[in-house]
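One structure is given here, and the rest of the page talks about it.
What follows draws every value from the coordinates through simple rules; no lab data is involved. Worth saying up front: this structure is predicted, and the values here are computed from it rather than measured. Heads up, the Cβs are rebuilt from the backbone with ideal geometry, glycines too, and the neighbour counts pull from every protein chain shown.
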Amino acid sequence: MKVGFIGLGHMGSGMAASLLRAGSEVTVYNRTPEKAKPLVEQGARAAAQVADACRGDVVITMLADDAAVERVVFPDNGIIASLKHGAIHISMSTISVALSARLAEAHEKAGQRFVAAPVFGRPEAAAAAKLFIVTGGAPDAIDACMSLFQAIGQKTFSISQKPPDANLVKLSGNFLIASVIESLGEAMALVAKAGIDRRQYINILTSSLFNAPVYHTYGGLIAEQKFTPAGFAAPLGYKDIRLALAAAESLRVPLPLASLLHDRFLTLLAQGGEQLDWSAISQLAAKDAGEVNSFKG
């Protein structure tokens, strides 16, 4: 299958490499062309502009936020203007429910197909083709993309025929992950101030009641205070909580804990945490407890 891939950040580069290993013919585009070089060395073709990545059957976007997706989709030389009739745009970014609905409508008007397929997993999972994928869209479009999903991830969940539903599931999942990070930070601040070793504490948790990937991954990062390099940067976590709150507001669903997390991320960013992993919000509890004076990498 001929695939265009737009967005070669920490996640996208690993996902595109997985497609190449699976035998897809991949054309890659990134706003910073240098990021395409390692993939070209693995057999990808480099696109000089967005339109050049839209000549095949499918184009995948994996970009940071709504604005980045809008910049490549809607201009005169963008995805909608360049995709052929019946071709598929797979948005694997974590974007707003509102933008997902707008994309679905715009592609339908253009005679194209749109699938929302956001992913759960950090860059190491993307590189190992171990992501979890949540899809929303027409069944025939999802079926046509299934070989690509199998190359990128370890399991695909088809949630709905409406693309925005997949984005809502993704946002709700990221809200839950952030909730775990916050609660781990608070619990670890409590035991650490009593002199209990953080690593031993996490080992107890993950060896008993909390033997789940999210506790292993983030418990380890928090215990080691390893927040750089960022696998998922704090501004992206802040963005996702904002989008979850926007979706909740449109549905009239109060999310009190999400409001707390919004302020935790805002505090982290205000105190210089732009380059840190989003798990660094855990340090706020330690600072409140007088355990740390500044954020560590």
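Against the globular-protein guess of 2.2 N^0.38 Å, express the Cα radius of gyration of region 168-288 as a ratio, rounded to two decimals. The partial results should precede the final answer.
Details: Rg = 14.2 Å, N = 121, 2.2 N^0.38 = 13.6 Å.
Rg over 2.2 N^0.38 Å, computed on Cα atoms: 1.05.
Residues whose amide H lies under 5 Å from that of Ala289, counting only those 5 or more places away or on a different chain, are absent; hydrogens are built 1.01 Å from N in the peptide plane. Measuring spread by the Cα atoms of region 69-226 yields a radius of gyration and Dmax of 19.5, 64 Å.
How high is the relative contact order of the chain, given as a whole-number percent (alpha carbon pairs under 8 Å, six or more residues apart)?
14
Counted over all Cα-Cα pairs of region 138-185, pairs farther apart than 11 Å make up 73 percent. Look at Thr27, Thr156, Thr32 and count the other Cβ atoms within 10 Å of each Cβ; fewest to most, that gives Thr32, Thr156, Thr27. Each residue of region 235-245 was assigned a 3J(HN,Hα) from its phi angle through the Karplus curve 6.51 cos²θ - 1.76 cosθ + 1.60 (θ = phi - 60°); the sequence is x, 6, x, 4, 4, 5, 5, 4, 5, 5, 5 Hz, with glycine and proline shown as x. For Ser160, the amide hydrogen comes within under 5 Å of the amide hydrogens of Gly137, counting only partners 5 or more places away or on other chains and with H modelled in the peptide plane.
Here the mean projected area of the convex hull built on the C-alpha positions of the chain is 15.4 nm². For region 9-26, backbone phi angles converted through the Karplus equation (6.51, -1.76, 1.60; θ = phi - 60°) give residue-by-residue couplings of x, 4, 7, x, 5, x, 5, 5, 5, 5, 5, 5, 4, 7, x, 6, 8, 10 Hz, Gly and Pro being listed as x.
Per residue, the Cα convex hull of region 2-161 amounts to 93 Å³. Pairs from the list Lys193/Lys226; Lys35/Lys162; Lys170/Lys239; Lys2/Lys239; Lys2/Lys35 with a Cα-Cα gap above 23 Å: Lys35/Lys162; Lys2/Lys239.
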